[in-house]
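Worksheet: the structure to be examined is printed underneath.
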Amino acid sequence: MKLILGVLLMLLLAACDPIARKTSSSTAMIGMKTIIKAEGREVTSEITDVDGKYVSVDWSDWNGNHLRTVKMYRGLYPVGGVRHNGQYEYDFNESKLEGLFPLEKGNETSFEGTFTHFEENSTYQFWVHMSVEGEKEISLPSGDRKVFVIHVTTEFDIEGKKQRHQEKLYYDPEYNMILKKNFYHKYRQSHWRAISIILPGDADQNAPQRRRSGTVLI
């Protein structure tokens, strides 16, 4: 059970990182920061590299301590990363994600692949189904952002035991990033939301004001 919960946490944290990437229609760029509120704490993510349809993002806490690095395809699904306990990779047919685009209610796609944690020398199979449920708006200090709500069902096999979780992603097609995420599994639930986006060269004037204690005024 401890191993299963550990892998669940790895999948959750990797899958839900809100990361932007650069495409022909995107304004995402290196240096773009996102301030995130998750379960009573605040963290930041910053784009450090953009390579075609892939973006690498560093996560850190308010003190600037590095938490993890993640690389995602279209800012929507992880392909790999590095955490405190080592490097991991998702291996799947990334072109399957293109079945959702251009984003429109009713679009869906399915794919399968393997998740590998190199330091632990472990590999697990996973299966994913994604569908676009509709459009919404999310309010940020810089203005309202149009997002598409994408439902994700993931099933994975860990040492012969199948587990399933559900996710609801609120995805910004212009910035190619997830602005809100709800995660549901029988062992736990998790929710987070972007509370500010800071573009390169912009002052942090749109960021929520922090108290001296480190909490955020929203």
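The values are calculated or read from the model by the stated rules, or taken from the named source; none is laboratory data. Owing to the predicted nature of the structure, the values given are computational and were not obtained by experimental measurement. Every residue, glycine as well, gets a Cβ built from its backbone with ideal geometry; the counts of neighbours run over all protein chains shown. Just so you know, the surface numbers come from the protein's heavy atoms only, side chains and all, with ligands and any DNA or RNA stripped out. Shrake-Rupley method; radii C 1.70, N 1.55, O 1.52, S 1.80 Å.
Using the Cβ-Cβ distance between Arg41 and Thr116 with R0 set to 30 Å, the FRET efficiency works out to roughly 0.55. Accessible area ranking (1.4 Å probe, heavy atoms, ligands and nucleic acids excluded), largest first, for Leu76, Leu199: Leu199, Leu76. Bridging of Lys186 to aspartates and glutamates at a Cα separation below 19 Å is possible for Glu39, Glu155, Asp157, Glu159, Glu167, once same-chain residues fewer than 8 apart are set aside. DSSP finds beta bridges in the range 33-191, and of those with both partners inside it, around 100 percent are antiparallel. Shown here for the range 100-172: chymotrypsin sites (Phe, Trp or Tyr not before Pro) in loop regions (DSSP other than H, G, I, E, B) with at most 14 other Cβ atoms within 10 Å, namely Phe118.
Packing around the peptides 174-180, 89-95, taken as the average count of other Cβ atoms within 10 Å per residue, puts them in this order, highest first: 174-180, 89-95. Could you pull out every residue, at least 5 positions away or on a different chain, whose amide H is within less than 5 Å of the one on Asn107? Hs are placed 1.01 Å off N in the peptide plane, and Pro or chain starts have none. Excluding prolines and chain starts, which carry no amide H, the hits are Val132.
Please compute the per residue accessible area over the range 55-160 with all protein chains in place, 1.4 Å probe, rounded to a whole number of Å². Intermediate results must be reported in sequence, preceding the final value.
Working: 5050 Å² over 106 residues.
Normalised by residue count, the accessible surface of the range 55-160 is 48 Å².
Here's the picture: charge each Lys and Arg Cβ at +1 and each Asp and Glu Cβ at -1 in the range 23-182, and of Ser122, Ser60, Asn182 the one pushed furthest to the positive end of that dipole is Asn182. Using a cut-off of 27 Å between Cα atoms, the listed pairs Lys53/Lys161; Lys53/Lys162; Lys33/Lys136 include Lys53/Lys161; Lys53/Lys162 as exceeding that distance.
Computed from backbone phi, the HN-Hα couplings of the range 56-63 come to 9, 10, 9, 9, 8, 8, 5, 8 Hz, rounded to whole numbers (Karplus: 6.51 cos²θ - 1.76 cosθ + 1.60, θ = phi - 60°; Gly and Pro given as x).
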